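> Shown below is the structure under consideration.
The values are calculated or read from the model by the stated rules, or taken from the named source; none is laboratory data. All of these numbers come straight from a predicted model, not from anything done at the bench. When we count neighbours, we look across all protein chains shown, and the Cβ atoms used for this are built from the backbone with ideal geometry, even at glycine. All accessible areas refer to the heavy atoms of the entire protein, side chains included, with ligands and DNA or RNA removed. Shrake-Rupley method; radii C 1.70, N 1.55, O 1.52, S 1.80 Å.
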Amino acid sequence: MDVPEPEVVDPAAWTCPAPLRDHPSVVLGHGGGGALSAELMEHLFVPAYGNPTLAGLGDSAAVTLGGARLAFSTDSYVVRPLFFPGGCIGDLAVNGTVNDLAMSGAQAAYLSCGFILEEGVELSVVGRVAEAIGAAAEAAGVTVATGDTKVVEAGHGDGIYVNTSGIGLIPDGVDIRPQRAVPGDVVIVSGPIGLHGIAVLSLREGLEFGAGELASDTAPLNGLVAAMLRVTRDVHVLRDPTRGGVAATLNEIASASDTGVVLTERSLPVPEAVANACGFLGLDPLYVANEGRLVAVVPRAEADAVLAALRDHPQGRGAAVIGECVAEHPGMVVARTAFGGTRVVDLPLGEQLPRIC
C-alpha cells in the first residue's frame with residue numbers, strides 16, 4: 001500500500017486576514033478588554049466595517065444628527081452569577097451604558113434593553129432582573145424606550161444575557177476623548193478601585209475576602225460627570241475602568257494620545273479587603289474591573305477644582321490624584337513603586353477575571 005507523502009506546509013507562506021496572536025478560535029481573553037480585545041477590533045471588526053466615526057474606539061461614539069451632537073453606545077452583559085453583592089446583571093447593564101455615554105460628557109436620555117434568555121430560567125429570576133433595570137433607569141434619570149427578547153435552547157446560554165444601547169446629548173463646548181490627553185495633565189480616579197471584580201469573584205468561588213466589606217461599586221456616573229462639567233468644560237479625557245481595570249484604561253489613553261502616563265502607586269485608593277484578596281490570589285488591583293468609577297485626565301490648572309467637585313458628590317468622595325501625563329515614554333504607562341523604583345504597567349493580554357460584567 002502506498003503511503004501518501006505528508007503535505008509540506010511553508011509557514012512563511014501563510015496568510016491570514018485576522019492575525020489574532022496564536023489563536024485560530026475565540027478565547028475568553030478576546031472579551032477581556034486587553035490586548036486580545038484590541039487585536040480583535042483592529043484586525044477583524046475595523047477592516048470589516050470601519051469608518052471615521054468608529055475610528056475613535058471610545059466608550060461611546062460622538063455623532064451629529066439634525067444639528068445635535070449625540071453620544072451613542074452599546075454594551076452586552078454576561079456576568080456570572082446574575083446576582084452579586086451590590087447589584088445584579090440588570091442594574092449593571094443600565095449603569096454600564098449610562099456610564100459609557102457619560103464618558104463623552106453626555107447625559108443619557110434613552111436606552112434599549114435586549115434579553116437573551118435560556119430555556120428553563122425561572123420567570124421570577126427574569127422578573128427580579130427586570131425590576132432592577134427599572135430601578136436603575138429611574139435612578140439614572142434615563143428612559144428604557146425599546147427592547148427585544150430572544151430565547152435559546154437549554155444548555156445554549158447561561159440563564160440571562162442582557163444588551164443595552166443608549167443615546168444622549170453632548171453639551172456645547174464639551175470635547176472629551178482619549179486623544180486630548182497632553183503632557184502636564186493630571187490623572188484622577190473617582191474612588192476606591194477593584195471592588196466589583198473582587199466582589200463577583202468572592203461570590204463565584206465561595207471565597208470570603210472581607211465578608212461584609214466587599215460589594216460591587218456599580219453605579220451611574222452621569223451625575224458625577226455633570227458636577228465636573230459645572231466646574232469646567234475643559235475636561236480632556238474621561239473613561240470608566242471596567243474590563244482590564246485602571247491599567248487597561250490608562251494604556252488606551254496613552255496610546256491614543258501618544259502621551260506617557262506616570263502613576264504613583266501609594267496614591268492608588270485600594271481598599272484593604274481588595275488588597276488582601278489580590279495578594280492572596282496573585283492579582284494586581286490595577287487590572288481588576290470597576291463598574292462605578294471613572295478616570296479623569298484634566299489640565300493641571302483645573303485639577304484642584306475638579307477634585308473638589310468629585311469629593312462633594314456621593315459617587316466621588318474617595319477621589320484621588322493618582323498620576324500625571326508626561327512627554328517621556330509616549331504611549332507607555334509607568335508606575336512609581338512604594339520602594340522608590342519604577343515598573344511598566346502594560347496592557348493586559350486578556351482578563352484576569354472573566355465573566356464579571
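> Can you sort His23, His196 by solvent-accessible area, 1.4 Å probe, largest first?
Largest accessible area first, the residues go His23, His196.
> With the chain treated as a Gaussian network of Cα nodes joined by springs under 10 Å, which of Arg69, Arg80, Arg293 yields the largest mean-square fluctuation?
Most flexible of the set in this elastic network: Arg69.
> Using a 1.4 Å probe on the protein chains only, how many percent of the accessible area of the chain belongs to carbon and sulfur?
Summing carbon and sulfur atoms, their accessible area is 56 percent of the total for the chain.
> To the nearest 20 debye, what is the magnitude of the charge dipole of the chain about its Cα centre, counting +1 on the Cβ of each Lys and Arg and -1 on the Cβ of each Asp and Glu?
Here the chain has a charge dipole of around 1140 debye.
> With every protein chain left in place, what is the accessible area of Asp172 in Å² (1.4 Å probe, nearest 10)?
We get 130 Å² for Asp172.
> Quick check: the distance between the Cα centres of segment 21-57 and segment 118-182, to the nearest angstrom?
Cα centres, segment 21-57 to segment 118-182: 22 Å.
> Per 10 Å bin from zero, what fraction in whole % of the C-alpha pairs of segment 121-176 is there, up to the bin with the longest pair?
16, 41, 27, 11, 5, 0
> Write down the radius of gyration of segment 293-355 and its Dmax, each obtained from C-alpha positions, in Å.
Cα-based Rg and Dmax for segment 293-355 come out at 14.9, 40 Å.
> Is segment 184-240 rounded, prolate or oblate when judged by the Cα gyration tensor, a ≥ b ≥ c being the square roots of its eigenvalues, rounded requiring a/c under 1.5 and prolate requiring a/b larger than b/c?
prolate
> Oh, and also: Accessible surface of Ser76 in the full protein assembly, 1.4 angstrom probe, to the nearest 10 Å²?
Answer for Ser76: close to 70 Å² accessible.
> Excluding ligands, DNA and RNA, what is the solvent-accessible area per residue of segment 215-289 at a probe of 1.4 Å, expressed in Å²?
Normalised by residue count, the accessible surface of segment 215-289 is 33 Å².
> Kindly list the residues of segment 68-104 that lie in the label zone of Lys150, defined by a backbone N under 17 Å from the point 7 Å along the Cα-to-C-beta vector.
74-79
> With an 8 Å Cα cut-off and a minimum separation of 6 or more residues, compute the relative contact order for the chain in percent.
23
> What do you reckon, how do Tyr49, Tyr287, Tyr161 stack up by accessible area (1.4 Å probe), largest on top?
In descending accessible area the options line up as Tyr49, Tyr161, Tyr287.
> How long are the semi-axes of the equivalent ellipsoid of segment 238-301, taking √(5λ) for every eigenvalue λ of the Cα gyration tensor, in whole Å from largest down?
22, 13, 11
> Mind checking which of Gly114, Gly279, Gly87 has the largest fluctuation in a GNM of the chain, springs on alpha carbons under 10 Å?
Of Gly114, Gly279, Gly87, the Gaussian network model singles out Gly279 as fluctuating most.
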